[in-house]
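Here's the structure, in structure tokens; my notes come after.
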Amino acid sequence: MQVFKTSHGRDALGFLAMAVTLLLIHTLVRDHFYRSVLLQAIIFAVAATGMTLLVGFAGQISLGQNAFMAMGAYGFAYQVQKFGLHPLFALGLATLLPTVVAYAIARPILRLSGHYLALATLALGSAGYIFASRWTDVTGGLDPGILDLPKFTLVSAWGGDQFFPLAALCLMLVTGLSLVLVHSAIGRSLHAIHTSELVAACSGIQVERTKAAIFALAAGCAGLSGALYALFMRSFNASSFSIMISIELLMMVIVGSLSTVWGSLIGALLVTLLPHALEHFESAKLFVYGTIMTLVVMFMPNGLASSLYGSLRQLVTAGRKA
Amino acid sequence: MSQSILRLDGVSKTFGGLKAVNNVSFEVERGAITALIGPNGAGKTTLINLITGVLPQTSGSIQMNGRDISRLGPAQRVRCGISRSYQTPQMIRGLSAIDNVVVGADLYSDFAMLDLFTRPWRVRRDNRAAQVAAHAALTQTGLPSSLWNNPADALSYGDQRRVEVARSLAQKPALLLLDEPAAGLNPTETEDLGRDLKRFAHDGLTVLLVEHDMSLIMSIADRIVVVNFGEMLAEGTPQEIQRNEAVIAAYLGADPLDTPALSSEATA
Amino acid sequence: MTYFLQILISGLVIGCIYGMAALGFTIVFNATRVINFANGEFLMLGGLATAAVIGAEASGWGTVAAVLVAAALTTLVGLLMQALAFDKAKSRDLQMLVMLTIGITLMLRGGASIVFGRSVSFVNDFGGFPELDAGGVFIPPQGLWIALAMMAVSLALWLLFSHTTIGKAMQAASMEPRAAALCGIEPRHMALLAFAIAGLIGGLAGALMAPLAPPFYENGIALGLKGFAAAIAGGLGNPIGAVLGGLLIGLVESLSAGYGASGYKDAVSFLLLVAVLIVRPAGLLGKLQVKRV
């Protein structure tokens, strides 16, 4: 079929499949627990998509996304609780806040690369967590945190779970925008920047501006994810935004794919589901993550899912020839 | 006399205590093929990096079409019409051969990040235009179309060179800077390269190439600039340079310039 | 005034710890050009191992044994880190190396949480010194141990680098790897030695720090960040700078805790790290250039 041949075609089909899948989940999955877990995956997938663009495509390792998620979450809660703003409006502003902050600090930060960038963003993320836990006037700190945000209801007459469609739509939006981005000149420039900033600049790419823009975009995704999280949990505290969240996001990208948008969805799903699938996982989680990350880096530099997918294709091609 | 498209005036570059380029001045004639030669370590690649804005010069000025570009960064210099290739082909990982060339054509794309949110449908039109330009550029370099969709870093060395030249052409440059384009090519490929370059010049493109391959240079260069130890040694037509004693001495008597087979007999 | 001096003293004490952490970064960086994210985990493991051996009961030789065991453990971990992971991943590009160090950090952190548990441990002061009181300014005996250790480590390193063949070989390899290789200096061995030293010093620092800051499996990242901040502030690659940087970070932290909001003291060090990286990445004494386009 022609549509499978071009990557545009495949991505469009994938997008359609994703929409259908989300619709099916919403209508067919009734069990509260499963819905909850899937919602968590969806919420994190929003942040993971931004992370894939930043880390996978542009090659900028950021370990401070937890701070942007926190900004989104607390920003949302603040607007709703202190100003009584409509949740959709609050969602939008809560996404905008970390985007603007990220764009403002992007240039000095992104002059760093490699280890220095990772450590600088880790430092910022760590500092962000400290602020979230100590600035109790605004955030409520670790105890009690933010309490009793209202349940999301767009139209009270409809009843039922109205949050799932909202989260699903947000994910579709973020995924759609990312797919368009990847197929555009900007997407290609990310590949160039990742390969060599020198070659990118000598190809006419405005390297600093592009890096700042993608950093801001990833921060916006994280902020949206954080705001959705706040809306979903309705009560939360600073412990949800520790450095471990940044690490988990990195895991999602590594496990999924460092080179496709779909990979972040897979990664988010796997990383969210894993603790529920394996008993006693919580206590071994860190060690397992570390081992996976180490092994993947050493043996599968394209990311786990991508490498598996690649091996699968090879098997299929070999099988076809036989 | 044609106007000069590029002009270096007293350009110097110091790294710490080392003077890599010292007071170099020369002009590049529009529509001509100029060769920059010199022994290894003479500062040729540094000069290319200075011209393309990768390195800021310590002193002196660089002018393009009469306009001082000394303060501009690399991306801006590309917009002034300068395009370059590298000593070893730099393929952008993760992109196919044709997409690598499209990156060159993307110079003319005006798709900004905000457009993603306000008019994402523009991407289609943008990509189509870039594809057409990439198509044309690749055809000019003779890369077989069966290879166009292959990952660029999986191509052979010679094909990667073609992709790189195509990427430069897609930028529709006025001045093409080539850093040792014949390196690693066999004699037949070198002849093809010479033919291509002559064709580009004939179509109005100015070419400045750094090269060691004397046969290539002798057959296609209109003017030659010789540098040694970061300083200007000589400048002139191939015949003048062949006879220049300082140049011959600089090459330590190894005289590829004197060999009859490499005299200014035109091939192509 | 006594308050100020007290703050100064505690800043210098903790600064010695950070200095030792910074030395780990610096020595490994010099030998391998890698910034070992996981360096902070050596301190974390040192503290936890010490706590595991002697529990909350400190007794003269028991404490010595605990410290030795802790240091031996972390040295071993350092050796394994290089031999099993870094050595194999040498050819990977920079982004992969960064993620490798993160992966190793997580493995150690996770491993520690499994082996040593997830509760905070407590270790008593090592004792041995009388409590000193200089006109109202209290000098903790643990602080004296730490200062002594810092001086011993500095002396040992100085002797190593300037008076032993192998130390000089390490220096040569870090300055000119290819020339050193041509002289028969095997970069792998130098790397192993560097990681072993970093592990040893880190474990020692963690053990000494245990009475002051209760060992906990989550401590590693913060300690690593502060150690790295110290290494950068003093100039990455310069061992003297590492020590000075450590003292600086310690003082800054102590001052901000004593005169500002103590809950935020860690954040001050972290933000200082970012500031130094952006503004003056060469630090006080170093020559490192941050890569730009």
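With respect to the conditions (1) surrounded by 20 or more Cβ atoms within 10 Å (Cβ to Cβ); (2) modelled with pLDDT under 90, residue A:33 falls short on a single one, namely (1).
Might you check whether a residue that is assigned to a loop (DSSP other than H, G, I, E, B), at pLDDT 85 or above and not charged (D, E, K, R) occurs anywhere in the range C:98-116? Yes, the range C:98-116 contains a residue that is assigned to a loop (DSSP other than H, G, I, E, B), at pLDDT 85 or above and not charged (D, E, K, R). Taking residue A:201 as the residue in question, decide whether it is crowded, with 24+ Cβ neighbours inside 10 Å and more than 13 Å from every other protein chain (Cβ to nearest Cβ). Considered against the rule, which asks whether it is crowded, with 24+ Cβ neighbours inside 10 Å and more than 13 Å from every other protein chain (Cβ to nearest Cβ), residue A:201 comes out as no. Taking the range B:76-118 as the range and being at positive phi and modelled with pLDDT under 90 as the test, only B:94 passes. Taking the criterion of being more than 12 Å from every other protein chain (Cβ to nearest Cβ) and farther than 25 Å from residue C:212 by Cα, the residues of the range C:81-126 that qualify are C:82, C:83. For the range B:151-178, the tally of residues that are more than 14 Å from chain A (Cβ to nearest Cβ) and in a loop (DSSP other than H, G, I, E, B) stands at 2. The selection criterion, being among the small types (Gly, Ala, Ser), touching a helix residue (DSSP H, G or I) at 6+ places or on another chain (Cβ under 6 Å) and more than 19 Å from residue B:5 (Cβ to Cβ), holds for residue B:75. When the range B:1-45 is filtered for residues that are of a type in the set (Lys, Arg), touching a Ser or Thr at 6+ places or on another chain (Cβ under 7 Å) and farther than 18 Å from residue B:228 by Cα, only B:30 remains. Listed by position, the helices (runs of 4 or more DSSP H) enclosed by the range A:171-282 that each have at least 2 residues that are over 13 Å from the mean Cα position of the chain (by Cα) and within 27 Å of residue A:88 (Cα to Cα) are A:207-233. Does residue C:170 satisfy the criteria of being touching a residue at least 60 places away in the same chain (Cβ under 8 Å) and more than 19 Å from residue C:38 (Cβ to Cβ)? When the stated conditions are applied, residue C:170 passes them. Just wondering, is there one or more residues in the range C:250-264 that are at the interface with chain A (Cβ under 9 Å from one of its Cβ atoms), more than 18 Å from residue C:151 (Cβ to Cβ), touching a Pro at 6+ places or on another chain (Cβ under 8 Å) and not in a loop (DSSP other than H, G, I, E, B)? The answer is no; no qualifying residue exists. Total residues in the range A:69-126 satisfying the condition of being without any contact (Cβ under 8 Å) to a residue 24 or more places away in the chain and either away from chain C (no Cβ under 14 Å) or touching a Cys at 6+ places or on another chain (Cβ under 9 Å) (or both): the figure is 9.
How about the range B:81-147: which helices (runs of 4 or more DSSP H) wholly inside it have at least 2 residues that are farther than 15 Å from residue A:180 by Cα and facing another protein chain (nearest Cβ under 9 Å)? In the range B:81-147, B:97-105 are the helices (runs of 4 or more DSSP H) which contain 2 or more residues that are farther than 15 Å from residue A:180 by Cα and facing another protein chain (nearest Cβ under 9 Å). Mind checking whether some residue in the range B:70-80 is crowded, with 20+ Cβ neighbours inside 10 Å and more than 11 Å from every other protein chain (Cβ to nearest Cβ)? There is no residue in the range B:70-80 that is crowded, with 20+ Cβ neighbours inside 10 Å and more than 11 Å from every other protein chain (Cβ to nearest Cβ).
Does the range A:187-199 contain at least one residue that is within 22 Å of residue A:41 (Cα to Cα) and basic (Lys, Arg)? Checked the range A:187-199: no residue is within 22 Å of residue A:41 (Cα to Cα) and basic (Lys, Arg).
Here is a yes/no grid of residues against (1) out of contact with any Phe, Trp or Tyr (no Cβ under 6 Å at 6 or more places or on another chain); (2) surrounded by fewer than 24 Cβ atoms within 10 Å (Cβ to Cβ); (3) modelled with pLDDT of 90 or more:
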residue: C:197; (1), (2), (3): yes, yes, yes
residue: C:202; (1), (2), (3): no, no, yes
residue: C:217; (1), (2), (3): yes, no, yes
residue: C:230; (1), (2), (3): no, no, yes
residue: C:235; (1), (2), (3): yes, yes, no
residue: C:261; (1), (2), (3): yes, yes, no
residue: C:271; (1), (2), (3): yes, yes, yes
residue: C:275; (1), (2), (3): yes, yes, yes
residue: C:284; (1), (2), (3): yes, yes, no
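Of the listed requirements (1) modelled with pLDDT of 90 or more; (2) not in a helix (DSSP H, G or I), residue A:40 misses just one: (2).
Scan the range A:139-161 residue by residue and report those that are within 14 Å of another protein chain (Cβ to nearest Cβ) and either under 25 Å from the mean Cα position of the chain (by Cα) or free of Cβ contacts under 8 Å to residues at least 24 places away in the same chain (or both). If the condition is that a residue be within 14 Å of another protein chain (Cβ to nearest Cβ) and either under 25 Å from the mean Cα position of the chain (by Cα) or free of Cβ contacts under 8 Å to residues at least 24 places away in the same chain (or both), then A:139, A:141, A:142 are the ones that fit. Looking at A:50, A:75, A:59, can you tell me which residue is under 20 Å from the mean Cα position of the chain (by Cα), in a loop (DSSP other than H, G, I, E, B) and surrounded by 20 or more Cβ atoms within 10 Å (Cβ to Cβ)? Every option except A:59 fails the conditions. Of all the residues in the range A:178-197, those that are hydrophobic (A, V, I, L, M, F, W, C) and more than 7 Å from every other protein chain (Cβ to nearest Cβ) number 4. If you filter the range B:155-207 down to residues that are touching a strand residue (DSSP E or B) at 6+ places or on another chain (Cβ under 6 Å) and among the hydroxyl-bearing types (Ser, Thr, Tyr), you find that the one that is surrounded by the most Cβ atoms within 10 Å (Cβ to Cβ) is B:168. Test each condition in (1) at pLDDT below 85; (2) closer than 27 Å to residue A:116 by Cα; (3) outside any helix (DSSP H, G or I) for residue C:138 and report the one that comes out false. So the condition that residue C:138 fails would be (2). The residue list A:15, A:33 contains one member that is within 21 Å of residue A:163 (Cα to Cα), of a type outside the set (Gly, Ala, Ser) and touching a residue at least 60 places away in the same chain (Cβ under 8 Å), which is A:15.
The values are calculated or read from the model by the stated rules, or taken from the named source; none is laboratory data. A quick note: this is a predicted structure, and the numbers were derived from the prediction, not measured. Cβ atoms come from the backbone with ideal geometry, glycine included; neighbour counts cover every protein chain shown.
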